[in-house]
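Q: Quick one: the structure is below, and I'll ask about it shortly.
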Amino acid sequence: MSIKRNSQLEHLILLEKLGTGGQGEVWSAYDQDKDRVVAAKLLPESPEHRSDVSQELDKEFYLLASISHPHILPLFELYLTAEWQYYTMHYCPAGSLRDWLRTAEPTWDAVIAMAAQIASALDYLHDLHIVHRDLKPSNILRDMDDCLFLTDFGLATMIGRAQTDVVHTGRGTIPYAPPEQQTGDTVTPRSDIFSLGIVLYEMITGHLPGDREYSLGHAQSVDRSTTLPAPQESRLPMPQPVLRALRKLTAADPADRPESAVDAFAEVLAALSTAGQIDDLEDRLEALEPVLVADTTPAATSLQRRDAQALLGTADIGLTDYALLNAGLDAPGLTVEQKAYMLHGAFVHNYRIDYWRYMMEAHPAERFAVYSHLLVDYDNDATARRVVEQLAAENPDTLLAHSLTPAAVGKLIGWATQGTGTLAGAVAFDVLETMVNREAASWEDDILPEEGLSLIH
């Protein structure tokens, strides 16, 4: 079974493909049972997958299902059909920390707030004797309030309480992986702390250490005296105390790294204070304590509602984010302007047009303003066709009483003349015919722009 937009898996309706990885595809989807937008990780269900990759999905699901932390991506449900195996999880509309690194102008406040969240999540995992082993910006997702979520536990492993198990099941992502992981030696929580050091370096400087081919962990596996290189350029200052702290996090010998992720974060924060980059170290640590010790995952509905409120009014959002708005907003409580925004998105994405048209029933002037904007400013035949079809479905009395803008009427005339012989052209002609019969104003003076007149004379 091939999958595409609107394909249905059980009670999920697929929206957009978010990514493809070695373990399958990730799609956004609307969960009809729970009225929420989710991310769904999918694998084809077949004997060959069942014996290898699919088992990894089972492992990842049950590992995540045992975890509840505000900065670890919430996981919802696991499904198995004749053709697919998949699980659903919280959808993050702001993308990943990798997206943030590409576009953001970082500040110390932002870096510190995000670093505290990552450290808190790692500390929680390590208390459960779980090593993530693939910490990197693309595996750290963001919501609209810059709340971070660790994800992608495909390489995570449980370690023995005595930490005597030797793990050889994955080398992570090379630029972020410590030397012991790259050589297949014992992996411990301090392996994640090395990766945290690389991530923090990248957040501060805007790039990985060295050039594109460089891997600090690989270099240390060859020469144990190798340390984190000083950056040639950096978005934020990299004073020596901060570089020394990051070198401790990324030491070649795990025993030389901080004992815990929270300790590692505290060392970097203290270095920033020593270097004069931040004030009030004790106050900051006290303010961040609820983040560092948090252990309760917010309800999925409250997360979705928070993201929807932050997204509302954003220009040019995609289908998935528009679907999230539909699921997360209290539609009857929206202002007329906000409902008009949602009607506009409904036409652009061909999603719940009838519903938002109904929600704007009592506001025809604003409704027609949306139609005009879409006809004039969206150079998209599919969107324009949907608007024309909606105009044709309007009550004739409404069409007589409310005008499109002259520019929008000109677009309709273009459809009617250029689309002669087509259904769209015929529909546009019907709409124009109804508008011509208005009694309140003359055809030439009130309805048609000059270019429209030249088309029909």
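Q: Would a scan of the stretch 259-281 turn up a residue that is at pLDDT below 90, assigned to a helix (DSSP H, G or I) and of a type outside the set (Phe, Trp, Tyr)?
A: yes
Q: Mind listing whichever residues of the stretch 350-368 are crowded, with 18+ Cβ neighbours inside 10 Å and touching a Ser or Thr at 6+ places or on another chain (Cβ under 9 Å)?
A: Scanning the stretch 350-368 gives Arg367, Phe368.
Q: Of all residues in the stretch 77-100, count the ones that are surrounded by fewer than 19 Cβ atoms within 10 Å (Cβ to Cβ) and either closer than 29 Å to Tyr201 by Cα or in contact (Cβ under 8 Å) with a residue 60 or more places away in the chain (or both). Walk me through it before giving the result.
A: Just the residues of the stretch 77-100 that are surrounded by fewer than 19 Cβ atoms within 10 Å (Cβ to Cβ), to begin with: 77-83, 95, 98-99.
When the remaining residues are screened for being either closer than 29 Å to Tyr201 by Cα or in contact (Cβ under 8 Å) with a residue 60 or more places away in the chain (or both), the result is 79, 81, 83, 95, 98-99.
Selection size over the stretch 77-100: 6.
Q: Also, quick follow-up: If you go through the stretch 115-150 one residue at a time, how many are in a helix (DSSP H, G or I), over 16 Å from the mean Cα position of the chain (by Cα) and in contact (Cβ under 8 Å) with a residue 40 or more places away in the chain? Write out each step before concluding.
A: Kept after step one, since they are in a helix (DSSP H, G or I), are these residues of the stretch 115-150: 115-127, 137-139.
Among the residues that remain, those that are also over 16 Å from the mean Cα position of the chain (by Cα) are: 115-127.
So of that shortlist, the ones also in contact (Cβ under 8 Å) with a residue 40 or more places away in the chain come out as 115-126.
Residues flagged as in a helix (DSSP H, G or I), over 16 Å from the mean Cα position of the chain (by Cα) and in contact (Cβ under 8 Å) with a residue 40 or more places away in the chain within the stretch 115-150 amount to 12.
Q: Exactly one of these conditions fails for Ser403: (1) part of a loop (DSSP other than H, G, I, E, B); (2) among the polar types (S, T, N, Q); (3) touching a Pro at 6+ places or on another chain (Cβ under 6 Å). Give me its number.
A: Here Ser403 meets the rest and fails (3).
Q: What's the number of the condition Val111 fails, among (1) under 20 Å from Gly19 (Cβ atoms); (2) assigned to a helix (DSSP H, G or I)?
A: (1)
Q: Of the residues Gln232, Gln220, which single one is among the polar types (S, T, N, Q) and surrounded by fewer than 18 Cβ atoms within 10 Å (Cβ to Cβ)? Break it down into steps so the answer makes sense when it comes.
A: Numbers: Gln220 fails: surrounded by fewer than 18 Cβ atoms within 10 Å (Cβ to Cβ).
After applying the criteria, what remains is Gln232.
Q: Let me ask another. Regarding the stretch 131-142, can at least one residue be identified that is farther than 25 Å from Leu325 by Cα, modelled with pLDDT of 90 or more and of a type in the set (A, V, I, L, M)?
A: The answer is yes; a qualifying residue exists.
Q: Sticking with this one: Could you tell me whether the stretch 218-240 includes any residue that is assigned to a loop (DSSP other than H, G, I, E, B) and closer than 20 Å to His129 by Cα?
A: Keep residues of the stretch 218-240 that are assigned to a loop (DSSP other than H, G, I, E, B), which gives 223-239.
From what's left, closer than 20 Å to His129 by Cα: none.
Scanning the stretch 218-240, I find no residue that is assigned to a loop (DSSP other than H, G, I, E, B) and closer than 20 Å to His129 by Cα, so the answer is no.
Q: Here's another thing I want to ask about it. Would you confirm whether or not the stretch 249-258 contains a residue that is within 20 Å of Ile112 (Cα to Cα) and of a type in the set (S, T, N, Q)? Show your work before the answer.
A: If we filter the stretch 249-258 for residues that are within 20 Å of Ile112 (Cα to Cα), which is where we start, we get 249-250, 257-258.
This time we only want the ones that are of a type in the set (S, T, N, Q), so: 250.
Within the stretch 249-258 (the criterion being within 20 Å of Ile112 (Cα to Cα) and of a type in the set (S, T, N, Q)), the answer is yes, since at least one residue qualifies.
Q: For the stretch 281-333, which residues satisfy the criterion of being exposed (fewer than 11 other Cβ atoms within 10 Å of the Cβ) and closer than 16 Å to Asp145 by Cβ?
A: Once the filter is applied, which keeps residues that are exposed (fewer than 11 other Cβ atoms within 10 Å of the Cβ) and closer than 16 Å to Asp145 by Cβ, the stretch 281-333 yields Ala299, Ser302.
Q: Can Thr297 be described as among the β-branched types (Val, Ile, Thr) and modelled with pLDDT of 95 or more? Explain how you work it out, then say what you get.
A: On the way: among the β-branched types (Val, Ile, Thr): yes; modelled with pLDDT of 95 or more: no.
It is false that Thr297 is among the β-branched types (Val, Ile, Thr) and modelled with pLDDT of 95 or more.
Q: Of these, Leu404, Leu448, Leu412, Leu400, which one is at pLDDT below 70 and of a type in the set (A, V, I, L, M, F, W, C)? Don't jump to the end; show me each part of the working.
A: On the way: Leu404 fails: at pLDDT below 70; Leu412 fails: at pLDDT below 70; Leu400 fails: at pLDDT below 70.
On inspection, the qualifying residue turns out to be Leu448.
Q: Scan the stretch 256-285 and report the pairs whose first residue is over 19 Å from Pro237 (Cα atoms) and touching a residue at least 24 places away in the same chain (Cβ under 8 Å) and whose second residue is part of a loop (DSSP other than H, G, I, E, B) and hydrophobic (A, V, I, L, M, F, W, C), with Cβ atoms within less than 7 Å and a gap of 6+ or a chain change.
A: From the stretch 256-285, the pairs are Arg257/Ala251; Arg284/Ile278.
Q: Out of (1) touching a Pro at 6+ places or on another chain (Cβ under 9 Å); (2) surrounded by 21 or more Cβ atoms within 10 Å (Cβ to Cβ), the odd one out for Leu374 is which?
A: Exception for Leu374: condition (1).
Q: To continue, here is another question. Starting from residues that are outside any helix (DSSP H, G or I) and acidic (Asp, Glu), keep the ones in the stretch 324-377 and report whichever is farthest from the chain's Cα centre (by Cα).
A: Step one: filter the stretch 324-377 for residues outside any helix (DSSP H, G or I), giving 329-330, 334-335, 350-352, 360-363.
The next check asks that each one be acidic (Asp, Glu); those that pass are 330, 361.
Working: Asp330: 22, Glu361: 33 Å.
Filtering first and then ranking leaves Glu361.
The values are calculated or read from the model by the stated rules, or taken from the named source; none is laboratory data. Everything numeric here is computed off the predicted structure, so don't read it as measured data. FYI the Cβ positions are ideal-geometry reconstructions off the backbone, even for glycines, and counts take in every protein chain you see.
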